[in-house]
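Below is one structure, written out as structure tokens; comments come after it.
The values are calculated or read from the model by the stated rules, or taken from the named source; none is laboratory data. Note that the coordinates shown come from a computational prediction; the quantities given were computed from them, not determined experimentally. So basically every Cβ, Gly included, is an ideal-geometry build from the backbone, and we count neighbours across all protein chains shown.
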Amino acid sequence: MSSTDHHTFERAARFLESSGDYRVLRKLRPVTGFHAPIPDAEYRVGVAIDVETTGLDSSTDRIIELAVQRFRYDLAGRIVEVGQPRVWREDPERALDPVITRLTGLTDDMLKGQVIDDEMALEILTSADLIVAHNAGFDRPFVDKRLPGVAGKAWACSLTEPDWLDLGFDG
């Protein structure tokens, strides 16, 4: 896409958003770098989280995949460091509904014998000042049930609260 096309589309997106009836999602661009840390500045720890489950009911269904990635950000919300991503899977000890396999891409064979490292997950999540999920309203009840030591942490939702996303990525 040419630079002219990009500017035309961006103007159209801003026009739609200005009506208050539309929210335009923009394609994510690869991150090419983060802001340089400022010496003696104050930083916070965030954890991005994603949960896959055996179903929709946190009282009866179980987490079958837990992915977390810790990051540091400054008080202006700029990310300055990203940690190692962690992904754990767990065997629910029952066959997955085919709908769950279609939604998540996870199969019974992929989960067989797998266990989530609750201790490591709890260590990472309790270190966070903010936990970010794309659908926190869904993920949080599952996480709170599985890891009660995380209860009371601040959460942000990239699905329903997109304004928090201005974290100052370069690139």
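Taking the numbered list (1) surrounded by 18 or more Cβ atoms within 10 Å (Cβ to Cβ); (2) under 16 Å from E65 (Cβ atoms) in turn, V132 passes all entries but (2).
Taking each residue of region 128-149 that is at negative phi and in contact (Cβ under 8 Å) with a residue 24 or more places away in the chain and looking for partners that are part of a strand (DSSP E or B) and polar (S, T, N, Q) with beta-carbon atoms closer than 8 Å, six or more apart or interchain, yields F142/T53.
Among the residues of region 105-129, which ones are of a type in the set (D, E, K, R), within 14 Å of L66 (Cβ to Cβ) and outside any helix (DSSP H, G or I)?
The first filter runs over region 105-129 and keeps only residues of a type in the set (D, E, K, R), leaving 108-109, 112, 117-119, 123, 129.
Narrowing further to those that are within 14 Å of L66 (Cβ to Cβ): 117-119, 123.
Answer for region 105-129, where residues must be of a type in the set (D, E, K, R), within 14 Å of L66 (Cβ to Cβ) and outside any helix (DSSP H, G or I): just D117.
A single member of V45, V87 is under 15 Å from the mean Cα position of the chain (by Cα) and within 20 Å of F142 (Cα to Cα), and it is V87. Restricting attention to region 17-31, the residues being surrounded by 10 or more Cβ atoms within 10 Å (Cβ to Cβ) and either farther than 19 Å from L159 by Cβ or touching a His at 6+ places or on another chain (Cβ under 6 Å) (or both) number 1.
Residues in region 45-100 that are part of a loop (DSSP other than H, G, I, E, B), of a type in the set (A, V, I, L, M, F, W, C) and either in contact with a Phe, Trp or Tyr (Cβ under 9 Å, 6 or more places away or on another chain) or surrounded by 15 or more Cβ atoms within 10 Å (Cβ to Cβ) (or both): L56, L75, L96. Taken over region 66-107, the criterion of being more than 20 Å from A36 (Cβ to Cβ) and in contact with a Ser or Thr (Cβ under 8 Å, 6 or more places away or on another chain) is satisfied by P92, R94, L96, D97, I100, T101, T107. Do we have A48 as within 17 Å of L159 (Cα to Cα), of a type in the set (G, A, S) and at pLDDT 90 or above here? Yes, satisfied.
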